[in-house]
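Trainee: If you scroll down you'll find the structure; I have some questions about it.
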Amino acid sequence: MPQGNTLPNQTPSLSYWQRTTRSFPHLHANNTNPVPTSAKYVVIGSGIAGALTAFELLEAGVNAKEVVILEAREAAGGASSRNAGHVRPDAFRGFTAYSKVHGKEQALKIIANERLVLQKVDEFVNKHNVACDFHRTTTFDVCMTPEFAEYEAASFGAYRDAGGDVSHIKYYTGTEAHEKTKVPGAVAAYEWSAGSSHPAKLAQFLLTSAVERGVRLFTFCPAMTITQSSDARPGLWNVHTPRGTLTTEKVIHCTNAHAAFLLPLLDNYITPNRAQAHSLIPTAAFTGTNILQNTFSLRYSLHHFYSLIQRQADGTLILGVSRSNPTLSRETIDGQLTTDDSTYNGEIAQDALRSFGEIFPSYEPGALMHGEGLDHAWTGIIAMTADSVPFVGEVEAFLGQFVCAGFNGHGMARIFTCAPGIVKLVLGKQWEETGLPECFQISTERLGRLSSQAVPSVW
Ligand SMILES: Cc1cc2nc3c(=O)[nH]c(=O)nc-3n(C[C@H](O)[C@H](O)[C@H](O)COP(=O)(O)OP(=O)(O)OC[C@H]3O[C@@H](n4cnc5c(N)ncnc54)[C@H](O)[C@@H]3O)c2cc1C
């Protein structure tokens, strides 16, 4: 199993989102310039976590000149510009699994936090008029097998019985499930509020706003090591890059799947996995007024599912695939344990297209006209953590270094509370003021616990 102690590879594939935003003016910002010798805050990583962290620092009154963002690739070149476009809170499904790992109280907080994130993204996009094709709608968890319908029902019941709010969740079976979801094979379906966005445009908005206010972004500039400064002032860190060394008071690691490269203490607890998504040009059944208004998680089992959104802006379908779909060959599943996102896997693409055609027979995959069907396939690296929740907070062993990473392929439903939370901590506030579930906090105690016990995966 690969460890997370690698830098992002330098020949990544381009996603649908990246291919449609190549004119972003800061894409290659400062790609040859030397870094300054000092800055009070150094954010490492320019994905949505790093970009929102920089944005929130400025919102909190930090002088933009004191903030530097280092990015190993082009701007927002990691998972944030490669995902499946869902801003989709878990409404109850993860409750059972989270409860086993973190206890019921934390599991309730984890789910409540995801709902809050959707609200925060919605408010943010509206407040700042962000042109990121955000589409607030409802989503369906579609149970494709009786076994999975039973699993969902048990999770729903457990969540409700523990006091979780289910008033916003609708449930359908039989003909009603088929009609609501347009999935003739649906055994049952749950519906709740969710959204989709063009994630690269969202990250680029955040970066533009930060850069235009004076934040310095250095692309193709990986942080290689961090050492204690020998400066007369204690508590400073030297961040070494190929284009010079920055001395700083606060380092904020927003490096997600690659966090352990600079923080080896996370090596066994953040595992990079490759995830794959596809863009499809729809057939007539999904064009014009037939465009899908809802988003979907189409589920055969906990680990075998497909995520689907249809972009309202241009009708493109974005189809994501679960990491360990059991219908795939062992070689393909094992091959996803990699940090190589320079290519995609053909077997996964075939499985995704075949399954999509089976789930939505009206797509008529056998009758595609030239130009319809698979448009593009790409991969990106997600960060699976040992206890399925992110690491947020100050690293006790390295005071002055903070981390906001480990989003378990689910960052769009988490970052909009975690990044504002890390900013509060960086600026000296207490954990309680972040409002985050306590189990997200990185602590020596948590790492010790993870090293001594095997925890079941939620995803
Ligand atoms: C195919 C796919 C589908 C997904 N679908 C969804 C979805 O539908 N919904 C959802 O919620 N989530 C989804 N995700 C996950 C989501 O994209 C991530 O959780 C989220 O983007 C993480 O954001 P981030 O800013 O933490 O990480 P990233 O966007 O990965 O940003 C980290 C950045 O740090 C940089 N970096 C790393 N190391 C260094 C270093 N040493 N020096 C400088 N820079 C460095 C990287 O290059 C990268 O740009 C998906 C991911 C993939 C790959």
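Trainee: Say whether the condition of being modelled with pLDDT of 95 or more, open to solvent by 50 Å² or more (accessible area, probe 1.4 Å) and within 14 Å of the ligand (Cβ to nearest atom) is met by at least one residue in segment 31-48. Show your work before the answer.
Mentor: If we filter segment 31-48 for residues that are modelled with pLDDT of 95 or more, which is where we start, we get 31-48.
Narrowing the set further to residues that are open to solvent by 50 Å² or more (accessible area, probe 1.4 Å) leaves 31-34, 37-38, 40.
The next check asks that each one be within 14 Å of the ligand (Cβ to nearest atom); those that pass are 31.
Yes, there is a match, as at least one residue in segment 31-48 is modelled with pLDDT of 95 or more, open to solvent by 50 Å² or more (accessible area, probe 1.4 Å) and within 14 Å of the ligand (Cβ to nearest atom).
Trainee: If you don't mind, there's one more thing I want to ask. Go through (1) more than 13 Å from the ligand (Cβ to nearest atom); (2) crowded, with 18+ Cβ neighbours inside 10 Å; (3) part of a loop (DSSP other than H, G, I, E, B) one by one and return the number of the condition Leu447 breaks.
Mentor: (3)
Trainee: Related question: Could you identify the single residue in Ala76, Ala91 that is in the same structural domain as Ala257 (by the TED database), open to solvent by less than 30 Å² (accessible area, probe 1.4 Å) and either touching a strand residue (DSSP E or B) at 6+ places or on another chain (Cβ under 9 Å) or of a type outside the set (Ser, Thr, Tyr) (or both)? Outline the logic, then answer.
Mentor: Numbers: Ala91 fails: in the same structural domain as Ala257 (by the TED database).
Of Ala76, Ala91, the one residue that is in the same structural domain as Ala257 (by the TED database), open to solvent by less than 30 Å² (accessible area, probe 1.4 Å) and either touching a strand residue (DSSP E or B) at 6+ places or on another chain (Cβ under 9 Å) or of a type outside the set (Ser, Thr, Tyr) (or both) is Ala76.
Trainee: For segment 354-420, which strands (runs of 3 or more DSSP E) that fit wholly inside it have 2 or more residues that are within 9 Å of the ligand (Cβ to nearest atom) and more than 25 Å from Pro272 (Cβ to Cβ)? Show your work before the answer.
Mentor: Working: elements: 373-385, 391-394, 401-405.
By residue number, no strands (runs of 3 or more DSSP E) qualify.
Trainee: Can you go through Lys180, Lys170 and tell me which one is over 22 Å from the mean Cα position of the chain (by Cα), surrounded by 15 or more Cβ atoms within 10 Å (Cβ to Cβ) and modelled with pLDDT of 95 or more?
Mentor: Details: Lys170 fails: surrounded by 15 or more Cβ atoms within 10 Å (Cβ to Cβ).
None of the other options fit; the residue is Lys180.
Trainee: Enumerate the strands (runs of 3 or more DSSP E) found wholly within segment 235-292, keeping only those where 2 or more residues are free of Cβ contacts under 8 Å to residues at least 60 places away in the same chain, within 11 Å of the ligand (Cβ to nearest atom) and on the phi < 0 side of the Ramachandran plot. Lay out the reasoning, then the answer.
Mentor: Values: elements: 237-241, 244-248, 250-253, 270-281.
Qualifying strands (runs of 3 or more DSSP E): none found.
Trainee: I would also like to ask the following. Only one residue in Ser324, Ser362, Ser301 is among the hydroxyl-bearing types (Ser, Thr, Tyr), touching a helix residue (DSSP H, G or I) at 6+ places or on another chain (Cβ under 7 Å) and without any contact (Cβ under 8 Å) to a residue 40 or more places away in the chain. Which one? Give the derivation first.
Mentor: Details: Ser362 fails: without any contact (Cβ under 8 Å) to a residue 40 or more places away in the chain; Ser301 fails: without any contact (Cβ under 8 Å) to a residue 40 or more places away in the chain.
On inspection, the qualifying residue turns out to be Ser324.
Trainee: Being surrounded by 19 or more Cβ atoms within 10 Å (Cβ to Cβ), of a type in the set (Ser, Thr, Tyr) and under 21 Å from Gly400 (Cα atoms) is true for just one of Thr271, Thr241, Thr219, Thr247. Which residue is that? Give the derivation first.
Mentor: Numbers: Thr271 fails: under 21 Å from Gly400 (Cα atoms); Thr219 fails: under 21 Å from Gly400 (Cα atoms); Thr247 fails: surrounded by 19 or more Cβ atoms within 10 Å (Cβ to Cβ).
Only one candidate qualifies: Thr241.
Trainee: Additional query: Looking at (1) touching a strand residue (DSSP E or B) at 6+ places or on another chain (Cβ under 6 Å); (2) more than 14 Å from the ligand (Cβ to nearest atom), find the lone condition where Val121 falls short.
Mentor: (2)
The values are calculated or read from the model by the stated rules, or taken from the named source; none is laboratory data. Here the structure is a predicted model, which is why all the values come from computation and not from measurement. Every residue, glycine among them, receives a Cβ derived from its backbone with ideal geometry; neighbour counts consider all protein chains shown. Side chains included, ligands, DNA and RNA excluded: accessible areas come from the protein's heavy atoms. Shrake-Rupley method; radii C 1.70, N 1.55, O 1.52, S 1.80 Å.
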